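> Questions regarding the structure given below will be posed in turn.
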Amino acid sequence: MNIFLRELKANFKSLIIWGVIVILFAVVGFAKFSAYAGNPDMLAILNELPQAFLDAFNMQAFNLTTLSGFYGVMFTYFALILSIAASMWGSDIISKEERDKTVEFSLTLPVTRSRLVTAKTLAGLVNCIGLLLITWGVTVISAQSYQPDSEFYDFLNLSILALFIMQLIFLAIGIFLGCAMKRYKRASSVAVSLLLGTYFLSIISELNKNLGFLKYFSPFRYFDPGMLLHDSRIDMTFVWLSLGIILVSMVGAYLTYARRDLYI
Amino acid sequence: MRMNIFQQEFKMHLRSVITWSVSVAALIFVFVSLFSSFAQDAALLNEAMAKFPKELLTAFGMNGVDLSTLLGYFSFAFLFAQICLAIQAANYGFSLVSIEEREWTADFLLAKPVGRAQILTSKLLAALSGLTITNMVVWISSFGFINLFKGDRTYETKPLLLLLLSIVVFQLFFLTVGLAVSLLLKRIRSVTPYAMALGFGMYVLSVFGDMLGESTLEKITPFKHFDPNYIIQHGAYDLPLVMISVAAIIISLVGSYWLYTRRDIPSVT
């Protein structure tokens, strides 16, 4: 419990900073939306664009002039920001002990290594939930001036769930890397390269139909905002796949950290 | 400049330089190899776009994106290479001096009979030569892969050269701004979040701006200063915007020397 609280306190500043980034982003985004709301010219352009182009630019199936459509575009960027935050927290929370030379101290405490990992994971999780709530709150507040309907709220709630799963994936992978990497310095850079790699994959997978299978490797493609909006459902295949990734990462984290030779 | 500091720094960067170079080259390869299949879809797009008034397309940031031509498509791919280059350069910039303080080697280094300005110069040059290696790899892989996959299409060399020439300034921007920010802060615990925030943040700003139209906010991002679309389409730089980048580099550089020579360095006691 003390480790958990200690970690929460240590990460509080970082949560605030990420929160401010999300809020700024949403405010700027919605300020721009005001120019688009109900603008028929823009709608005409969007209707005529071919599908391949929209796909490549992550604008599939959205009518930017409606609130839900606009939020669908924002979703991609929220997903990016929240994933970056989650993978940073995950990879940092374990490896920072070695960087700051506090690991000897932590491990001489009368707690097992697995409890240490549990406490740190929970702290990371609370941070992720905090950031998610900030995202949700700022979106709801910004949306108020555009008469949100029930369809928008359904979409928003579903997309928040999708964002949460993505956060969990990257948090779990980050924690696993923090536990498994022999050189603590590499944990966060590997986490970042995975994140960038999967982001690029998500774009490449849309360029060519034959590369569609690549979407299984990129969490950024697991939850298609178009589907969230139009069908109001999440593709269960990807939920199971996500849960699998999270489970494997966490089990891997516990196993490797218990056997780990620490850098002192 | 001190040769031994330079060599030490360069050696420390080398592994990361190789990793980044290989990744960027691979990225360019994947994108360029997909060109021929994408070109057909893009041709459809051009037909659709021809129907719209120019102002609307400009507002949408899609004026002149001709993805069916080799260079048009490459400018789209190049953006992703830029993201990597930005994060790499920002990474080096943020870690350049801060790493010494984090690992308690700063007092050792500063006890050497070398001026602080000299230390900074050597470190900067070492980081810059690392970045230049990556830069060269981008040059080689761009030309190599374009020629490999172009088939019977032709392209103009000049816009491509201009595009590749912009990399140097682009890298310098992130290197020096990263350095200056790291010196403004008291302590950097982990470099990666900062580098990500600067590199990726600028990218998101630029794309988000693209999608929603021009605004003053987008003027601060180098992704807009060296917008591949603009360079390919006009065969020239958007000079006023490039000057913003150059000014930012100079200010950060001067500021970094000023801050570093006056910096209070923590030591182990």
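> Tell me the residue from B:204, B:242, B:181 that is within 30 Å of residue A:186 (Cβ to Cβ), at pLDDT 90 or above and β-branched (Val, Ile, Thr), please. Steps first, please.
Working: B:204 fails: at pLDDT 90 or above; B:242 fails: within 30 Å of residue A:186 (Cβ to Cβ).
Step by step, each of B:204, B:242, B:181 is checked, and only B:181 is within 30 Å of residue A:186 (Cβ to Cβ), at pLDDT 90 or above and β-branched (Val, Ile, Thr).
Matching residues to (1) at pLDDT below 85; (2) in a helix (DSSP H, G or I):
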position	(1), (2)
A:43	yes, yes
A:70	yes, yes
A:78	no, yes
A:105	no, yes
A:111	no, no
A:118	no, yes
A:131	no, yes
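> Looking at (1) outside any helix (DSSP H, G or I); (2) among the polar types (S, T, N, Q); (3) modelled with pLDDT of 90 or more, can you tell me which one residue B:68 breaks?
Failed condition: (3).
> A follow-up question, please. Of all residues being hydroxyl-bearing (Ser, Thr, Tyr) and more than 10 Å from every other protein chain (Cβ to nearest Cβ) in region A:192-210, which is nearest to residue B:19 (Cα to Cα)? Just the residue, please. Can you show your working first?
Taking region A:192-210 and keeping what is hydroxyl-bearing (Ser, Thr, Tyr), we get A:193, A:198-199, A:202, A:205.
Still in the list and also more than 10 Å from every other protein chain (Cβ to nearest Cβ): A:198, A:202, A:205.
On the way: A:198: 17, A:202: 21, A:205: 23 Å.
Checking each candidate, the answer is A:198.
> OK, next. What is the residue count in region B:132-155 for residues that are free of Cβ contacts under 8 Å to residues at least 40 places away in the same chain and of a type in the set (Phe, Trp, Tyr)?
Residues flagged as free of Cβ contacts under 8 Å to residues at least 40 places away in the same chain and of a type in the set (Phe, Trp, Tyr) within region B:132-155 amount to 2.
> If residue A:164 satisfies every condition in (1) aromatic (Phe, Trp, Tyr); (2) closer than 22 Å to residue A:100 by Cα; (3) open to solvent by 40 Å² or more (accessible area, probe 1.4 Å) but one, which is the exception?
Unmet for residue A:164, out of (1) aromatic (Phe, Trp, Tyr); (2) closer than 22 Å to residue A:100 by Cα; (3) open to solvent by 40 Å² or more (accessible area, probe 1.4 Å): (2).
> What number of residues within region B:73-109 are of a type in the set (Val, Ile, Thr) and open to solvent by 10 Å² or more (accessible area, probe 1.4 Å)? It would help to see each step written out before you state the result.
If we filter region B:73-109 for residues that are of a type in the set (Val, Ile, Thr), which is where we start, we get B:83, B:87, B:97, B:99, B:105.
Keeping just the survivors that are open to solvent by 10 Å² or more (accessible area, probe 1.4 Å) gives B:99, B:105.
Selection size over region B:73-109: 2.
> Checking the conditions here, which among B:26, B:43 is within 13 Å of chain A (Cβ to nearest Cβ), exposed (fewer than 15 other Cβ atoms within 10 Å of the Cβ), touching a residue at least 24 places away in the same chain (Cβ under 8 Å) and assigned to a helix (DSSP H, G or I)?
Details: B:26 fails: touching a residue at least 24 places away in the same chain (Cβ under 8 Å).
It is B:43.
> Is it the case that residue A:53 is modelled with pLDDT under 85, in a helix (DSSP H, G or I) and facing another protein chain (nearest Cβ under 10 Å)? Talk me through it step by step, then tell me what you get.
Numbers: modelled with pLDDT under 85: yes; in a helix (DSSP H, G or I): yes; facing another protein chain (nearest Cβ under 10 Å): yes.
Yes; evaluated as a whole, the condition is true for this residue.
> Any residue at all in region A:91-101 that's assigned to a loop (DSSP other than H, G, I, E, B), more than 12 Å from every other protein chain (Cβ to nearest Cβ) and modelled with pLDDT under 90?
No - not one qualifying residue is present in region A:91-101.
> Looking at A:125, A:158, A:171, A:132, can you tell me which residue is open to solvent by 40 Å² or more (accessible area, probe 1.4 Å), in contact (Cβ under 8 Å) with a residue 24 or more places away in the chain and within 24 Å of residue A:236 (Cβ to Cβ)? Walk me through it before giving the result.
Values: A:158 fails: open to solvent by 40 Å² or more (accessible area, probe 1.4 Å); A:171 fails: open to solvent by 40 Å² or more (accessible area, probe 1.4 Å); A:132 fails: open to solvent by 40 Å² or more (accessible area, probe 1.4 Å).
Just a single option satisfies the conditions, and that option is A:125.
The values are calculated or read from the model by the stated rules, or taken from the named source; none is laboratory data. From a predicted model like this one, the values you see are computed outputs, not experimental measurements. We place every Cβ from the backbone using ideal geometry, glycine too, and count neighbours over all the protein chains shown. Surface areas here come from the heavy atoms of the whole protein model, side chains and all, with no ligands, DNA or RNA. Shrake-Rupley method; radii C 1.70, N 1.55, O 1.52, S 1.80 Å.
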